[in-house]
1. Please count how many residues of segment A:69-88 are over 21 Å from D:D100 (Cα atoms) and either in a strand (DSSP E or B) or without any contact (Cβ under 8 Å) to a residue 40 or more places away in the chain (or both).
2. Residue check, C:V180 against (1) touching a helix residue (DSSP H, G or I) at 6+ places or on another chain (Cβ under 7 Å); (2) assigned to a loop (DSSP other than H, G, I, E, B), all met but one. Which one?
3. If you check D:L61, D:L95, D:L111, which single one turns out to be surrounded by 15 or more Cβ atoms within 10 Å (Cβ to Cβ) and more than 15 Å from the chain's Cα centre (by Cα)?
4. Exactly one of (1) closer than 20 Å to B:S125 by Cα; (2) in contact with a helix residue (DSSP H, G or I) (Cβ under 9 Å, 6 or more places away or on another chain) is unmet by D:P155. Its number?
5. For residues in segment A:125-138 being touching a residue at least 12 places away in the same chain (Cβ under 8 Å) and in contact with a helix residue (DSSP H, G or I) (Cβ under 6 Å, 6 or more places away or on another chain), which is surrounded by the fewest Cβ atoms within 10 Å (Cβ to Cβ)?
6. Just to verify a result, which residue in segment C:182-205, among those that are away from every other protein chain (no Cβ under 11 Å) and in contact with a strand residue (DSSP E or B) (Cβ under 7 Å, 6 or more places away or on another chain), is surrounded by the fewest Cβ atoms within 10 Å (Cβ to Cβ)?
7. Could you tell me which of the residues D:S13, D:S75 is under 21 Å from D:Y116 (Cα atoms), more than 15 Å from the chain's Cα centre (by Cα) and modelled with pLDDT of 95 or more?
8. Report yes if some residue within segment A:140-148 is closer than 21 Å to A:L95 by Cβ, of a type outside the set (D, E, K, R) and free of Cβ contacts under 8 Å to residues at least 12 places away in the same chain; otherwise report no.
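The values are calculated or read from the model by the stated rules, or taken from the named source; none is laboratory data. What you are looking at is a predicted structure, and each value in this text was computed from that prediction instead of being measured. No Cβ is skipped: glycine too gets one built from the backbone with ideal geometry, and neighbour counts run over all protein chains shown.
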There are 4 protein chains.
Amino acid sequence: MDGQVKVAVIYYSATGITYQMARSAVEAAEEAGADVRLRKVRELAPDEAIRSNSGWQAHRLETQDVMEAEPDDLSWADVVIMGSPTRYGMIAAQLKQFIDTTGPLWANGALADKVYTGFTSTATSHGGQEATLLSLYTIFYHWGGVVVTPGYTDPSQFVAGNPYGASHTSNNGEVAPDHVALAATALTAKRAALMGAALKRGMAG
Amino acid sequence: MDGQVKVAVIYYSATGITYQMARSAVEAAEEAGADVRLRKVRELAPDEAIRSNSGWQAHRLETQDVMEAEPDDLSWADVVIMGSPTRYGMIAAQLKQFIDTTGPLWANGALADKVYTGFTSTATSHGGQEATLLSLYTIFYHWGGVVVTPGYTDPSQFVAGNPYGASHTSNNGEVAPDHVALAATALTAKRAALMGAALKRGMAG
Amino acid sequence: MDGQVKVAVIYYSATGITYQMARSAVEAAEEAGADVRLRKVRELAPDEAIRSNSGWQAHRLETQDVMEAEPDDLSWADVVIMGSPTRYGMIAAQLKQFIDTTGPLWANGALADKVYTGFTSTATSHGGQEATLLSLYTIFYHWGGVVVTPGYTDPSQFVAGNPYGASHTSNNGEVAPDHVALAATALTAKRAALMGAALKRGMAG
Amino acid sequence: MDGQVKVAVIYYSATGITYQMARSAVEAAEEAGADVRLRKVRELAPDEAIRSNSGWQAHRLETQDVMEAEPDDLSWADVVIMGSPTRYGMIAAQLKQFIDTTGPLWANGALADKVYTGFTSTATSHGGQEATLLSLYTIFYHWGGVVVTPGYTDPSQFVAGNPYGASHTSNNGEVAPDHVALAATALTAKRAALMGAALKRGMAG
């Protein structure tokens, strides 16, 4: 139906950590009543780099059927949730490259007035869990986006501990997201979906 | 009426530059149909420092009847617009001190789910116009706030040029905000008020 | 002697967590051969607020003999290490107020060409450990400072996990800094002191 | 000679604006006595996108003889100066992709203890001139870098106005860097080169 909130979960993942978080976001958004698209961004690394890392290669095969993100996924959505492992306190180049192709949509105003949020995973505990999300949100301000983060709006956030979004310490991909990280991702996604639905209702009348 | 959106404009100003921007925000929010409170934060500087600067002293007298902000102004509002001159790329200590007294409200969740935005003035053209606003918004994420900035949602933003909020280069308080800066402040405030009203309607029903 | 590197450790602490980190910084800088000043910034909270919190009151008494920071401590130093608990992802107003009084030094260039770094403590694990330090460093750029952080220059940083400086999760002041946090603070201070000494030697000839 | 400071200027430029700034950085670093490498990062955009933009195509031809950056250029250098147009308040994906290939150098500590700084160009006056540089510097903290910005260490900075580095408003590539922007780039580069030389001397003895 027309009033249903549309959520795009757009992510980059090398060895699958961020992908697991993305799936948690998808489930939570669907439970919140949203129509959800899960999309990976295009890989930039050469095949030989991927093949030299068994985890990377395995994950590529595991997600070969996940559709690649297109700019249209952004214009379609009411709510956009982006996820990326950190690369030195900033999103990975793969996600940035997708973002950098949105110029025409931005110029048309097609990215404005949507709800945006994010999630990330890092190698060490304070090696970008905050910085990656905060610098990602700077992008959304350029788009005229409405940024919604979990804050401490749920008691679980005092355990998960990141008011800027969901995050996980993977120890370089060796530690899968635990229930705390997955629940924080679900909370972030659910909150964004509900806020996006409320904003959509409110703007309509 | 109950459904009217409530906007709190909370600012610090030494010599009056930021105050002029605050007044522009108030007018724009009222024109957008909001019930508006204008509040200054408490001064921290000693009397002798203020008296030694004629502009500072004059502005204090000019605004002696503006009420001082109380934490209740935040819980009352649906939309909070904060303004401060930059002090080295960050809001002035006076505004930070007000913010730091909100712990009880934060712990109660009384700051969440509101729309937040900001404006600033700086001495030089790139001496904090972006950094002051972006670091201010980090605070709002802690509160569970919904951050709404102007982006490039209006053609005037390609002239004003700051997608993160309204800003002005004062050359150390010597240059009053021109029509570009005041219009950008009005746009920022109007957009926040309208988004706050939409979110309020949407969350109600 | 003239060539000895001078380090100022300037901090704000309410209940003593950040003070313990400051002491660790002092010890490490002294071990690295520096002449060190430990300075607290002036309290802004009213007496009644402090008295209503037993930990805050006790810490005030504990450190009544620590000298208050003056702007001259900054011009004296070759290396400045600042510490503050986070307040919503930003330094406390008390430290900001001290910083905001440095205008005359800044205008004279007396804050430039020094090494700067920082440490922080937060209530939850990702509630400002990165953002507080990164926004603090923005201030130092205004001063013409040279910012030196620990990065991952020591294996212990893969455990402590914050490349931007030293940090600790205090659970609202209930958990004292453990050896990991204190060692990270020491590493941060030692590295800043050594870099400051090298820069001083190098600039001298 | 062995003691000569080595400077790598690494940039991305689409239509040539950032390239002009890079050349200004090169000249200033050479005048400061440095051995300088100018390197462009690899293009990620498809040929058809480049060919559809006459300025982009012309610039590609103009700089076809500029060598592409390799990770070794970073380990070789004492001072690294990076430049990129903003893409939504963050460096372009092309530069990020180069940065993301430095994992092995980072893991070896080969990126630490160098001086880093940056420059950028933006479409509108406050559309990333600060945010692009500040988020770039977050990367350098991960590397154990020493970040040196111009601050207001030269009177010209009160005109150029960006204490975080050099920047230029290009109006989407239509306005070439003027003498203010080029002089600010030169100042930024010269200061980094001199600081890098001093640090190198100081660390050696």
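1. Of the residues in segment A:69-88, 7 are over 21 Å from D:D100 (Cα atoms) and either in a strand (DSSP E or B) or without any contact (Cβ under 8 Å) to a residue 40 or more places away in the chain (or both).
2. (2) is the only condition that C:V180 fails.
3. Exactly one residue qualifies, and that residue is D:L111.
4. Tallying (1) closer than 20 Å to B:S125 by Cα; (2) in contact with a helix residue (DSSP H, G or I) (Cβ under 9 Å, 6 or more places away or on another chain), D:P155 fails exactly one: (2).
5. Top of the filtered list is A:S135.
6. By that ranking, first place goes to C:A193.
7. D:S75
8. yes
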